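Shown next, in structure tokens, is the structure this report addresses.
Derivation of every value follows stated rules applied to the coordinates shown; laboratory data play no part. Since the structure is predicted, the reported quantities are computational estimates derived from the model, not experimental observations. Here Cβ is always computed from backbone atoms with ideal geometry, including for glycine, and neighbour counts include all displayed protein chains.
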Amino acid sequence: MSEKILTTKATVKGGREGHVKSDNGVIDLDLSMPKGSEIPPDTTNPEQLFAAGYAACYDGALNLMASRSKKTIDSTIEAEVSLLKDESDGGFKIGVTLHVNISGVSQAEGEELAQKAHEFCPYSKATKGNIDVNLEVHAS
């Protein structure tokens, strides 16, 4: 195993209808199953939490790649995480679209930086070959 840089924890009791709390107490949320495509108010779900983590991690990787390329950018990442039916076993799986909005570079430069970030980002590495991740890059 590689050298550990950080270890953190979150504890869930009650699964998708339960409660999640981080080890430092910053995340302290009720969880609920979506009702169709609706998420009940004042609750969250694993897909939203994954989207938040992935977007933050990817944006950090994108800004690092821009810095290494001597580019000054402003970026916003929207991670769209979908819960999908898995036809192979009758269960579920997730899919991700990362909406990458970058200003300060051309479309071609933005696409190149986005791909480099995708290859570097720990979330992208963790999901590689496991889930479909689409990059939608919009540069200006």
Which of G36, N24, L6, positive extreme of dipole for segment 1-44 (C-beta unit charges): L6
On Cα atoms only, tilt of 107-120 relative to the major axis of the chain in degrees: 50
Degrees, to the nearest 10: 46-68 long Cα axis against longest axis of the chain: 20
With the Cα gyration tensor of segment 1-44 giving a ≥ b ≥ c as the square roots of its eigenvalues, does the rule (a/c under 1.5 for rounded; else a/b larger than b/c for prolate; else oblate) give rounded, prolate or oblate? prolate
Place a +1 charge on the Cβ of each Lys and Arg in the chain and a -1 charge on the Cβ of each Asp and Glu, then give the dipole magnitude about the Cα centre in debye, rounded to the nearest 20. 480
Estimated dipole of segment 1-44 in Debye, rounded to 20 [Cβ of Lys and Arg +1, of Asp and Glu -1, Cα centre]: 160
Hey, what number do you get for the chain at 222 nm if only DSSP H runs of n ≥ 4 count, each worth -39500 (n - 2.57), divided across all residues, to the nearest 500? -10000 deg cm²/dmol
Setting aside same-chain residues fewer than 8 positions from K116, which lysines have a Cα under 27 Å from its Cα? K4, K70, K71, K93, K125, K128
Proxy reagent accessibility, fewest Cβ within 10 Å first, across T8, T127: T8, T127
If you rank M65, M33 by fewest surrounding Cβ atoms within 10 Å, what's the result? M33, M65
Dipole of the chain (Lys/Arg Cβ +1, Asp/Glu Cβ -1, origin at the Cα centre): which of S82, F50, T97 lies farthest to the positive side? F50
Which order results if E80, E38 are arranged by neighbouring Cβ count within 10 Å, fewest first? E38, E80
State the antiparallel share, in %, of DSSP beta bridges confined to the chain, rounding to the nearest 5. 70
